[in-house]
1. Take the Cα atoms of segment 649-753, build their convex hull, and give its volume per residue in Å³.
2. Can you tell me the length gained on complete extension of the stretch residue 171 to residue 499, counting 0.36 nm per residue apart and subtracting the Cα distance?
3. Antiparallel DSSP bridges in the chain: what percent, to the nearest 5?
4. What do you get for trypsin sites (Lys or Arg not before Pro) in segment 454-529 restricted to DSSP loop and a cutoff of at most 11 other Cβ within 10 Å of the site's Cβ?
5. Once you order the gyration tensor axes a ≥ b ≥ c over the Cα atoms, which shape class does segment 544-690 get: rounded for a/c under 1.5, otherwise prolate or oblate by comparing a/b with b/c?
6. Could you tell me what % of all Cα pairs in segment 322-416 have separations over 18 Å?
7. Can you pick out the pairs among 171/505; 171/482; 181/482; 617/677; 226/482; 171/229 whose Cα atoms lie more than 28 Å from each other?
8. Dipole size in debye (nearest 20) for the chain around its Cα centre, Lys and Arg Cβ +1, Asp and Glu Cβ -1?
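The values are calculated or read from the model by the stated rules, or taken from the named source; none is laboratory data. These numbers come from a predicted model, not from an experiment. Methodologically, a virtual Cβ is constructed for each residue, glycine included, from the backbone with ideal geometry; neighbour enumeration extends over all protein chains shown. Heavy atoms of the whole protein, side chains included, go into the accessibility calculation; ligands, DNA and RNA do not. Shrake-Rupley method; radii C 1.70, N 1.55, O 1.52, S 1.80 Å.
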Amino acid sequence: MIRSLLLATAAAAMFAGTALAAAPIVPAPVSDTPREGAFQLDARTVISVPANDAQALASARYLADLLERSRGLKLAIRAPKADERAIVLSRQGPAGEAYKLDVGVQRITIASAGDAGLFYGAVSAWQLATAELGKGPAVLWARQIDDAPRFGWRGVMLDSARHFQSVDYVKGLIDRMALAKLNTLHWHLTDDQGWRLEIRKYPKLTEVGAWRVPAGPAAAADIDPKTGKPRVIGGYYTQDQVREIVAYAADRHVTIVPEIETPGHAHAPIVAYPQLGSAATPPTATSSDWGVFPYLYNVDEQTFAFLDDVLTEVVALFPGTYVHVGGDEAVKDQWKTNPAVQARMKELHIASERQLQGWFISRVEQMLHAKGRRLIGWDEILEGGVAETATVTSWRGIDGAIIAAKLGHDTILSPEPMMYLNYRQSAAPDEPPGRGGVVTLKDVYDYEPMPAALNPDEQRHVLGMQGNIWTEHARTEERVSKMLFPRVAAVAETAWSPAANKDWKGFADRLPAELGRYRALGLTFDETPLKVRALSTPQGDGARVTLLGAEQVGEIRYTLDGSAPGAGSTLYSQPFTAPLGTQVRAQAFRGGQPLAAASDIAVDARSIRTRASQELKACTGALVLNLEDDAPIQGERARFLVDILSPCWLYEGADLTGVSEVEVAVGQIPFNFQIGKDIEKIKFHPPATPEGELEIRQGSCQGAVVATLPLAPATRSQGVTVLKGKIAGAAGAAGPQDLCFTFTQKAVEPMWVVDRVTLVAGAADGR
Ligand code: ACM
């Protein structure tokens, strides 16, 4: 019977590998021993739990729900009859988060004495049942899995301050974390741009601090008929909602660490309660600027009383051990010039503002200790001296973690850029907005959190790691999910699986199944890095086609005859030539399974000479961001890759053969960046006309100007405008050469940006 069953399912099992393949579980388990035979999971399979075990029942229900949502199988939870195949949840197993998962022909046993372990065992069993996408029965190859986490702190940081996410979104993220065996949600609830937590004693924190007008003239002109003023964005979590989220997280073995930022990143609360601030002139409106604001809390006793009150309400809502109090990026200018702050420093015999921050954080730590909690802060908290009991989140690289552990502090690794999931995942033009640098799935995977500089004693202070999603440029929940996934799967594997088991190839082999699960459950992730795109250049009368996509993860297969690509189509190995008019259809695969939808790529006279800003090079690369246009208010907005400290783009090796015209789509964006004195570094050539010009130079940015396109027509639109003009002398300058694009301006506001460049070839070139 088993033999025929196996034959019947052999085709389905082909892609998922064989009985000997590694378990399709992410994060990879500690040990996985394949055995003879297989378990046939179908709607007659029952799930059984020990009597009177509410936690086991909860995990059984979680498993049943996952199987129903992914495979459409509705399994009963009850004691099995003698001949029934069953998934048995048992307490005869390891403690805590560890579990054993034993897949036999007749029984799957998930065993853990710990509630979390049982839950994780159930998740692993579900992953075995979803090795392939599809509804209905599944084959689970027999095996014995022993599993336990490498780190106790396996986290994601969600920034709900820069952009607000709904209660349902936060719950959904917690669910996805639980499926990745992540157990800590560091929830960034306050920042300069927004205060997101209801504090009953201080209602203005959310009445005022939770709302702001988005940056730019389009938002300023978007009048809300209810108020007659520009429409605001934002929101906050009521205490009832927070309790609901905390309970939801607890059910999934996720602890929430709330973050209340001090003493900086405090613009929003200071707007709500100006008496808390240090500036000579208090801010009067919430802001949609990004960057490092100068506003700090002052050091008056009434401010500490405020913080104590806030923390009292915070600890009543969040039952976990830790409260994060920020501590990062507190520029001390306002403290330096505030007479009351200076007087306080004298009185306390504190010599520097840095030490004052240490004293400030110590005050907050005492408050938390009095409430039975522990303080955690960004690595700047080390600078002013802080008690050994404080835990340090290392973000400015890993030095913070090394210093912390050597001083006896516990520490969490979340260094920029590898654990900063607000960086782009690929250089493709349609990546969601974010930081301009590229941090690929493999970059995240390859990150090893344990600093080599720590001895075994010091290593014990490394509690774990987390990936952070900062949301300045993640305006929608969909984009938050895209920035997070699938990279969170790589964070999870590093945080859970033993370092010795880590293996990029093995992870990539398991990725199609993981993506299949996302798809089966309808969960958003970023498919863009896995989709094939082309970067083509003119070659003779035709084109040289370079295919890109899924680098490091899979292989590209393509067709040129219009047929759909498959795992057996031509393997892409190097750029090829093709006549203009060719339609390339291409798709990335791993182990025969598609990684993303197929791409249709037109190779024509325009596409071979068109570059989006993301395909151009930033001339200096000082502070490159992938920014979204501020307009239109409704509908699709353009995205520009721009170096805001040096807005200058290079089209490298542009082939000017036969080119006489250029079309440049340009946009204008608000310069809403608090960058302090760095603003003086931004230089422009002076404009010749009142509205300014786009200048194109040949050879380099010091080369001769070959085109000057006045910006006047573009000033009439808040969106993107296509400017057209002749390229002087280009006709004579055949062959590849760099083109440099800059704008003439008097000031940074608005910042003009290149969206797309097309070099227009004459009729002789095949148009
Ligand atoms: C941070 O990125 N400022 C912690």
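1. Working: hull volume 10.4 nm³, N = 105.
Taking the convex hull of the Cα positions in segment 649-753, it is 99 Å³ per residue.
2. Numbers: separation 328, 0.36 × 328 = 118.08 nm, distance 2.99 nm.
Taking 0.36 nm per residue and subtracting the Cα distance, the gain is 115.1 nm.
3. Working: 92 of 139 bridges.
If I count the DSSP bridges inside the chain, around 65 percent turn out antiparallel.
4. 460
5. Numbers: a/c = 2.42, a/b = 1.81, b/c = 1.33.
The shape class here is prolate.
6. Working: 2047 of 4465 pairs.
More than 18 Å apart: 46 percent of the Cα pairs in segment 322-416.
7. Numbers: 171/505 32 Å; 171/482 16 Å; 181/482 19 Å; 617/677 25 Å; 226/482 34 Å; 171/229 33 Å.
Violating the 28 Å Cα-Cα cut-off are 171/505; 226/482; 171/229.
8. Details: 77 positive and 88 negative charges, 294 e Å.
Its charge dipole is roughly 1420 debye.
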